[in-house]
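What follows is a set of notes on a single structure, which appears directly below.
The values are calculated or read from the model by the stated rules, or taken from the named source; none is laboratory data. Treat the numbers as computed from the prediction; the structure is a model and nothing was measured. Quick reminder, even Gly has a Cβ in these numbers, built from the backbone with ideal geometry, and neighbours come from all protein chains shown.
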Amino acid sequence: MNRLVDRRLSGKNRSAVNRQRFLRRFKSQIRKAAAEAVSGRKVADLERGEKISIPSKDLSEPMFHHGPGGRRNIVLPGNREFVSGDRVDRPEGGGGGKGGGGSPDGEGMDEFVFELSKEEFMDYFFQDLALPDLVKKQLAAVPEVKRARAGFVSQGNPSSLHVVRSMKQAIGRRMAMAAGPRDALREAEDALEALVTQGLGASPEADELREEIEALKARIAAVPFIDTWDLRYANRVDQPTPSSQAVMFCLLDVSGSMDEDRKNIAKRFFMLLYLFLTKSYERIDVVFIRHHTVAKEVDEEEFFASRESGGTVVSSALELMHDIILERYPSANWNIYAAQASDGDNWENDSPRCRELLLQSILPLAQYFAYVEIEAEEPQSLWHEYERVKAASPRFAMQRILTLEDIYPVFRELFRKKVA
Amino acid sequence: MEPEMESAAPPVAERQPLSEGSEWTFELLDLYDREIARVAAHYGLDTYPNQIEVITSEQMIDAYSSVGMPVGYHHWSYGKQFLSTQKSYKRGQMGLAYEIVINSSPCIAYLMEENTMTMQALVIAHAAYGHNSFFKGNYLFRTWTDAEGILDYLVFARNFIADCEQRHGEVAVEELLDSCHALMSLGVDRYKRPAKLSMVKEQARQLEREAYLQSQVNDLWRTLPAKQAAGNEKQAARFPSEPQENLLYFIEKNAPRLEPWQREIVRIVRKIAQYFYPQRQTQVMNEGWATFWHYTLLNHLYEEGKLTDGFMMEFLQSHTNVVYQPPYNSRFYSGINPYALGFSMFQDLRRICEHPTEEDRRWFPELAGSDWVKSLDFAMRNFKDESFVAQYLSPKLIRDLKLFAMVDDDQDDKLEVTAIHDDAGYRTVRQLLADQYNLGNREPNIQVYQVDVFGDRSLTLRHYMHDRRPLGESTPEMLRHVARLWGYTVRIESVDQDGESRLVATSEG
């Protein structure tokens with residue numbers, strides 16, 4: 001009559017559809033929360049899920065219910081001091097404990113918090129950036145793997161059978177299995193020979209020895225030439241293809257005109273480059289250089305944090321970058337990428353120097369140099385000089401950015417290379 | 001008072017435990033199940049056949065989020081439920097140990113693979129014998145639910161709704177479901193007895209089609225040409241002729257602009273609401289009954305020497321957690337714990353039967369000294385929370401739980417204690433606690449009052465106020481849901497004790 005069923009293997013993600021429905025319904029709120037989360041993250045810290053919280057009143061499921069007021073009787077447990085007729089003050093928040101179940105959401109919880117998976121989070125991150133689907137796929141995909149040899153194993157499929165190894169094993173096993181009988185055989189043969197030399201070749205002992213020799217020979221012959229135990233298979237494991245290293249330089253103008261919004265756009269720009277690099281390289285160093293009239297290498301906190309006043313000398317940052325490359329990142333071992341964000345302001349006489357620096361010293365060493373000008377009023381000297389750099393080098397990309405969607409074109413060349 | 005009962009259990013003899021240690025295996029589950037079934041039969045528990053399913057914690061979260069339906073249609077609200085359950089489980093705020101059990105035949109109970117043998121046995125006793133026998137025996141479940149047919153119906157519902165999504169788009173279906181879910185608590189018949197639910201599905205289908213055809217020619221639709229002539233009988237021909245309590249039923253049958261598939265979805269939500277309605281009315285009894293039986297059954301096995309001391313320690317620890325009732329001023333207090341109240345009441349009933357005091361004899365003359373198994377069975381079969389508390393809450397239990405009643409009146413600047421656990425207060429406390437379990441008091445009483453058949457087809461709902469309690473702030477939003485289903489303007493009025501009505505909100509269709 002009773003049945004015991006093991007359901008553990010059947011259908012796991014029965015709620016997956018409902019979860020997707022939920023995410024779709026609250027897309028805009030989640031997107032907003034995800035955008036906030038991005039600002040709170042480090043450049044190199046994109047590939048994990050995120051805890052998202054949305055105001056729970058936005059997603060309540062309404063019911064008809066009573067409001068405060070009127071006359072209510074409440075029965076409560078745990079009386080200690082009251083007697084009939086006592087009058088007490090209303091507790092804060094009205095009504096004391098309510099007998100009923102209350103709303104299923106649990107009233108009083110202001111935020112509905114849940115986890116987005118890494119993929120879902122990346123999806124929201126990409127949505128703002130207007131990336132083409134193909135690119136999204138490349139970025140979000142698990143890095144491709146190549147099969148690499150990793151020794152030998154005793155189990156595998158026939159196609160990876162390793163003949164030489166198997167035969168070696170077989171020899172070893174045959175020797176080991178036949179060793180005992182062989183010793184015995186040798187002894188018996190010696191004994192027989194001794195008997196024969198003594199002229200006792202026809203004695204019963206000699207016959208016995210002969211029989212024993214026959215038996216031992218048969219036993220040795222019965223040791224199998226090859227056995228399943230001998231079989232060895234070539235082992236192969238998945239190894240992620242990117243196997244080289246890269247360094248990414250983030251150059252940020254922190255002069256007075258770069259406000260929070262602009263920095264936020266710059267941050268997305270750096271993040272995207274970083275993300276792209278993670279798909280191609282195993283190890284990535286990130287170097288943060290901020291500059292106004294002088295440049296300085298800083299850690300990430302400081303990089304986005306403070307703002308300084310004063311003019312702008314872009315070449316100072318480029319020089320510092322060049323120095324760092326020479327010192328720490330010999331270009332034979334490192335792939336060098338740079339992303340520069342600025343509002344376009346530069347000291348007039350410095351711009352030609354920037355062009356020279358780029359063309360002569362930096363671009364020959366670097367893989368790619370991307371420049372964005374964020375919410376600039378109108379192109380200034382730096383822009384014009386950079387346009388000349390762009391004409392001269394295919395490794396240079398530049399873009400004026402007003403909204404987040406404008407970031408992607410900067411990377412178009414990079415991605416195109418990848419696709420090809 | 002039942003000598004065979006007592007002597008039937010063998011003396012505490014040599015211990016021969018069913019198992020040692022906390023690991024479970026399928027063989028052990030089977031063994032425990034058979035032992036518990038044997039003891040349950042000994043106490044005369046009548047159950048549906050059991051189907052005990054072992055599942056992973058993820059599957060348990062799935063089961064939680066589909067509000068206990070083994071087969072559910074898709075809706076974002078279940079996704080929301082899933083996310084919050086998953087989160088609190090991952091953070092360890094919530095154990096998933098306790099049961100989910102489906103009121104169906106066979107009765108499906110879930111066991112989580114992470115649990116120890118003790119917890120599995122506890123859940124088997126609690127769900128597969130406690131709840132199961134309650135589902136089979138209690139009059140509300142017998143009247144309102146069809147354990148044999150529910151799984152088929154849920155499968156039908158899921159397929160139908162998936163089909164509608166394909167045909168009419170997910171958004172359209174989702175909006176409709178949102179509105180129906182909002183009105184779910186008004187989608188049940190409270191007073192009317194249902195026609196026997198075990199009708200063959202096809203038959204129901206056919207009746208429904210007829211009803212729909214009928215609605216094509218009902219009063220709502222017949223009015224246009226007769227407008228002039230009808231002028232003088234406007235007042236006489238009110239529609240509906242009597243106020244209707246089942247809002248979803250009214251909408252399903254009468255909403256002018258719903259298409260047939262939409263009516264069918266309204267009907268599905270209504271049916272499911274009706275299926276769960278007995279559970280909402282019997283929470284204390286149902287949990288109390290199941291808790292009482294897991295406690296009784298496992299103790300019986302222990303006395304037979306089939307359980308180890310370690311088993312009992314672990315069992316008693318979770319049992320005690322479940323039946324803990326924090327006092328009203330504790331920060332853990334969140335209402336009266338139905339497990340605690342229900343368990344104490346059934347324990348107390350048994351005590352009254354077996355060892356009545358003089359007080360019990362006065363309060364429960366026909367109960368004191370009766371066969372406890374029969375008396376408990378009677379109580380389980382014929383009551384719901386409200387009447388169960390009104391009938392059986394004893395003075396002793398009121399004292400044990402130190403129950404007291406307060407009145408919160410907005411015309412008074414203080415709360416007043418109206419009754420405590422003393423001679424003068426027992427009856428008041430008992431009556432007020434029973435009222436607290438009356439769903440009719442807990443939820444606003446809202447009825448379909450009138451459709452303006454001859455005019456703009458607007459629908460008027462009436463909220464009959466109880467103790468001057470007004471509607472909550474969700475009312476305008478709720479009206480939008482009603483209006484979405486009705487298709488024309490919807491109004492709601494509150495009627496106070498003196499019969500004065502006052503417009504609360506309006507929503508244009």
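Here is how the numbers come out for the structure above:
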{"read-out": "Odd one out for A:Asn73, checked against (1) more than 10 Å from chain B (Cβ to nearest Cβ); (2) at pLDDT 85 or above", "value": "(1)"}
{"read-out": "Test: residue in the stretch B:400-407 that is part of a loop (DSSP other than H, G, I, E, B), more than 25 Å from A:Val83 (Cα to Cα) and not aliphatic (A, V, I, L, M)", "value": "no"}
{"read-out": "Any chance A:Gly85 is facing chain B (nearest Cβ under 8 Å) and modelled with pLDDT of 85 or more", "value": "yes"}
{"read-out": "Residue check for B:Glu508: touching a Pro at 6+ places or on another chain (Cβ under 6 Å) and surrounded by fewer than 17 Cβ atoms within 10 Å (Cβ to Cβ)", "value": "no"}
{"read-out": "Leading residue by the ranking (nearest to the chain's Cα centre (by Cα)) among those in the stretch B:46-61 that are at the interface with chain A (Cβ under 8 Å from one of its Cβ atoms) and part of a loop (DSSP other than H, G, I, E, B)", "value": "B:Pro49"}
{"read-out": "Scope the stretch B:371-394; condition of a type outside the set (A, V, I, L, M, F, W, C) and either under 24 Å from the mean Cα position of the chain (by Cα) or surrounded by 20 or more Cβ atoms within 10 Å (Cβ to Cβ) (or both); matching residues", "value": "B:Ser375, B:Asp377, B:Arg381, B:Asn382, B:Lys384, B:Asp385, B:Glu386, B:Ser387, B:Gln391, B:Tyr392, B:Ser394"}
{"read-out": "Number of the exception - B:Phe134 against (1) away from chain A (no Cβ under 14 Å); (2) modelled with pLDDT under 90", "value": "(2)"}
{"read-out": "Residue in the stretch B:340-362 that is in a loop (DSSP other than H, G, I, E, B), within 14 Å of chain A (Cβ to nearest Cβ) and within 26 Å of A:Gly78 (Cα to Cα) present", "value": "no"}
{"read-out": "Residue selected from the stretch B:432-468 under the condition in a loop (DSSP other than H, G, I, E, B) and more than 26 Å from the chain's Cα centre (by Cα), by the criterion nearest to the other protein chains (Cβ to nearest Cβ)", "value": "B:Arg468"}
{"read-out": "Residue under evaluation A:Tyr233, criteria (1) within 30 Å of A:Tyr281 (Cβ to Cβ); (2) of a type in the set (Ser, Thr, Tyr); (3) at pLDDT 90 or above, criterion not met", "value": "(1)"}
{"read-out": "So A:Ser255, is it among the small types (Gly, Ala, Ser), in a loop (DSSP other than H, G, I, E, B) and crowded, with 19+ Cβ neighbours inside 10 Å", "value": "yes"}
{"read-out": "Identity of the residue in the stretch B:122-168, over 15 Å from the mean Cα position of the chain (by Cα) and polar (S, T, N, Q), that ends up nearest to B:Asn321 (Cα to Cα)", "value": "B:Ser133"}
{"read-out": "Total residues in the stretch A:374-401, condition charged (D, E, K, R), touching a helix residue (DSSP H, G or I) at 6+ places or on another chain (Cβ under 8 Å) and at pLDDT 85 or above", "value": "2"}
{"read-out": "Listing of helices (runs of 4 or more DSSP H) fully contained in the stretch B:226-309 that carry 2 or more residues being more than 30 Å from B:Leu183 (Cα to Cα) and at pLDDT below 90", "value": "B:227-230"}
{"read-out": "Scan of the stretch B:320-334 for residues that are under 22 Å from the mean Cα position of the chain (by Cα) and either within 7 Å of chain A (Cβ to nearest Cβ) or part of a helix (DSSP H, G or I) (or both), ordered by number", "value": "B:Val322, B:Gln325, B:Tyr333"}
{"read-out": "Residue satisfying condition, being touching a helix residue (DSSP H, G or I) at 6+ places or on another chain (Cβ under 8 Å), within 13 Å of chain A (Cβ to nearest Cβ) and among the hydroxyl-bearing types (Ser, Thr, Tyr), within set B:Tyr139, B:Tyr43, B:Tyr110", "value": "B:Tyr110"}
{"read-out": "All positions within the stretch A:277-301 that are touching a Phe, Trp or Tyr at 6+ places or on another chain (Cβ under 8 Å) and either farther than 18 Å from A:Cys354 by Cβ or of a type in the set (A, V, I, L, M) (or both)", "value": "A:Leu277, A:Ile284, A:Asp285, A:Val286, A:Val287, A:Phe288, A:Ile289, A:Glu297, A:Val298, A:Asp299, A:Glu300"}
{"read-out": "Lone unmet requirement of (1) touching a helix residue (DSSP H, G or I) at 6+ places or on another chain (Cβ under 9 Å); (2) of a type in the set (A, V, I, L, M); (3) more than 7 Å from every other protein chain (Cβ to nearest Cβ); (4) surrounded by 20 or more Cβ atoms within 10 Å (Cβ to Cβ) for B:Leu479", "value": "(1)"}
{"read-out": "Residue tally, condition free of Cβ contacts under 8 Å to residues at least 24 places away in the same chain and closer than 24 Å to A:Val410 by Cα, over the stretch A:321-356", "value": "1"}
{"read-out": "Of residues in the stretch B:62-84 being at the interface with chain A (Cβ under 7 Å from one of its Cβ atoms) and either within 25 Å of A:Asp6 (Cβ to Cβ) or free of Cβ contacts under 8 Å to residues at least 24 places away in the same chain (or both), the one surrounded by the most Cβ atoms within 10 Å (Cβ to Cβ)", "value": "B:Lys80"}
{"read-out": "Subset tally (residues that are part of a strand (DSSP E or B) and either facing another protein chain (nearest Cβ under 7 Å) or buried (at least 19 other Cβ atoms within 10 Å of the Cβ) (or both)) for the stretch A:55-70", "value": "1"}
{"read-out": "Subset of the stretch A:191-230 (residues that are loosely packed, with under 14 Cβ neighbours inside 10 Å and under 60 Å from the mean Cα position of the chain (by Cα))", "value": "A:Ala221, A:Ala222, A:Pro224, A:Phe225, A:Thr228, A:Trp229"}
{"read-out": "Residues being within 15 Å of B:Gln325 (Cβ to Cβ) and crowded, with 18+ Cβ neighbours inside 10 Å - total across the stretch B:395-410", "value": "5"}
{"read-out": "Residue within the stretch A:24-43 that is of a type outside the set (Val, Ile, Thr), touching a Pro at 6+ places or on another chain (Cβ under 9 Å) and within 13 Å of chain B (Cβ to nearest Cβ) present", "value": "yes"}
{"read-out": "B:Leu397 in contact (Cβ under 8 Å) with a residue 40 or more places away in the chain and either within 26 Å of B:Thr282 (Cβ to Cβ) or more than 21 Å from the chain's Cα centre (by Cα) (or both)", "value": "yes"}
{"read-out": "Check on B:Val429, closer than 22 Å to B:Gly342 by Cβ, under 25 Å from the mean Cα position of the chain (by Cα) and within 9 Å of another protein chain (Cβ to nearest Cβ)", "value": "yes"}
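Listed here are the residues, each with its yes/no results for (1) at pLDDT 90 or above; (2) touching a Ser or Thr at 6+ places or on another chain (Cβ under 6 Å); (3) more than 30 Å from A:Leu277 (Cα to Cα).
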site: A:Ala184; (1), (2), (3): yes, no, yes
site: A:Leu192; (1), (2), (3): no, no, yes
site: A:Leu195; (1), (2), (3): no, no, yes
site: A:Gly201; (1), (2), (3): no, no, yes
site: A:Ile220; (1), (2), (3): yes, no, yes
site: A:Asp227; (1), (2), (3): no, no, yes
site: A:Gln239; (1), (2), (3): no, no, no
site: A:Gln245; (1), (2), (3): no, no, no
